[in-house]
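Participant: Can you keep this structure in mind? I'll have questions shortly.
The values are calculated or read from the model by the stated rules, or taken from the named source; none is laboratory data. For clarity, every value in this text was computed on a predicted model and none was experimentally measured. Please note: Cβ atoms are built from the backbone with ideal geometry, for glycine as well, and neighbour counts cover all protein chains shown. Note: areas computed on protein heavy atoms with side chains; ligands, DNA, RNA excluded. Shrake-Rupley method; radii C 1.70, N 1.55, O 1.52, S 1.80 Å.
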Amino acid sequence: MPSAMWWAFATLTTIGYGDVVPLTVWGKVFGVVVMIMGVGVYALPIGIIASGFANEIHRRDFVIRWGLVANVPLFHGLDANLINSIAKRLRSQVVESGRLIVYDGEKAEKLYLIVSGTIRRKDEEGENHLRQGAFFGAKSLMERATFQANYVAVEKTHLLILDAKDFHHLLNHFPSLKERIEQTYSEKTSVDFGQTEVKDLESL
């Protein structure tokens, strides 16, 4: 059993076997301790650096999301806590050029915000090009209806998506958001998209 344990530790710590190895039981015990400490010396700082890097990336992504949400006309001027709640629930997605994102008649289950790229909206009345800072799907989600146009990525596009479940959760818990959406779409009943000017969000 001691020989098997020595083999296991030497293998798991990827030390391998050299020309000089301990022969006695206590020598192998000491060797095992040194191997574990050696691995720990490398593993500890790598873990700290990786964790710090991941946190920094997360903070940067959140700042970009917060800035985008805050500047969208639909959410502009809302309470900072509400914008924070919206930003936390957004998930990121990148779509390639030519991909159909939603189609006419599809049940609305998501709200889309454009971080970068261009999307072509096409219906019976014509075409619109939605760019950085634009959004679509809020009205359809609000009315639990279907999309009334096809949305296709003209180029590689980065989207932030809010699922229907989170959208309705926010409406139920934040009356100001529900009031804002109802007010916005009572004025433009046929519009389910919007465009705002957001400059260089990714530089944040």
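Participant: I need the full set of residues from the range 25-60 which are over 30 Å from Ser92 (Cβ atoms) and among the β-branched types (Val, Ile, Thr), in order please.
Facilitator: Passing the criteria: Val25, Val29, Val32, Val33, Val34, Ile36, Val39, Val41.
Participant: Also, I was wondering about something else. Do we find a residue being of a type outside the set (D, E, K, R), open to solvent by 60 Å² or more (accessible area, probe 1.4 Å) and either in a helix (DSSP H, G or I) or in contact (Cβ under 8 Å) with a residue 40 or more places away in the chain (or both) anywhere in the range 110-127? Please lay out each step first, then the result.
Facilitator: Initially, the range 110-127 is screened for residues of a type outside the set (D, E, K, R), giving 111-119, 126.
Add one more test, that the residue is open to solvent by 60 Å² or more (accessible area, probe 1.4 Å), and what stays is none.
Within the range 110-127, not a single residue is of a type outside the set (D, E, K, R), open to solvent by 60 Å² or more (accessible area, probe 1.4 Å) and either in a helix (DSSP H, G or I) or in contact (Cβ under 8 Å) with a residue 40 or more places away in the chain (or both).
Participant: Take the range 66-79 and flag every residue that is touching a Ser or Thr at 6+ places or on another chain (Cβ under 8 Å) and open to solvent by less than 80 Å² (accessible area, probe 1.4 Å).
Facilitator: Selection gives Asn71, Val72, Pro73, Leu74, Leu78.
Participant: Taking Tyr151 as the residue in question, decide whether it is crowded, with 18+ Cβ neighbours inside 10 Å, in a strand (DSSP E or B), modelled with pLDDT of 90 or more and under 19 Å from the mean Cα position of the chain (by Cα).
Facilitator: no
Participant: List the pairs whose first member sits in the range 69-88 and is farther than 19 Å from Val115 by Cα, whose second member is surrounded by fewer than 18 Cβ atoms within 10 Å (Cβ to Cβ), and whose Cβ atoms are under 7 Å apart, counting only residues at least 6 apart or on separate chains?
Facilitator: Correct list of pairs: Leu78/Ser176; Asp79/Ser176; Leu82/Phe174; Leu82/Ser176.
Participant: Inspect the range 44-60 for any residue being touching a residue at least 40 places away in the same chain (Cβ under 8 Å), open to solvent by 50 Å² or more (accessible area, probe 1.4 Å) and in a loop (DSSP other than H, G, I, E, B) and give the result as yes or no.
Facilitator: Within the range 44-60, not a single residue is touching a residue at least 40 places away in the same chain (Cβ under 8 Å), open to solvent by 50 Å² or more (accessible area, probe 1.4 Å) and in a loop (DSSP other than H, G, I, E, B).
Participant: Could you run through the range 78-93 and say how many residues are in a helix (DSSP H, G or I) and more than 12 Å from His173 (Cβ to Cβ)?
Facilitator: Number of matching residues: 5.
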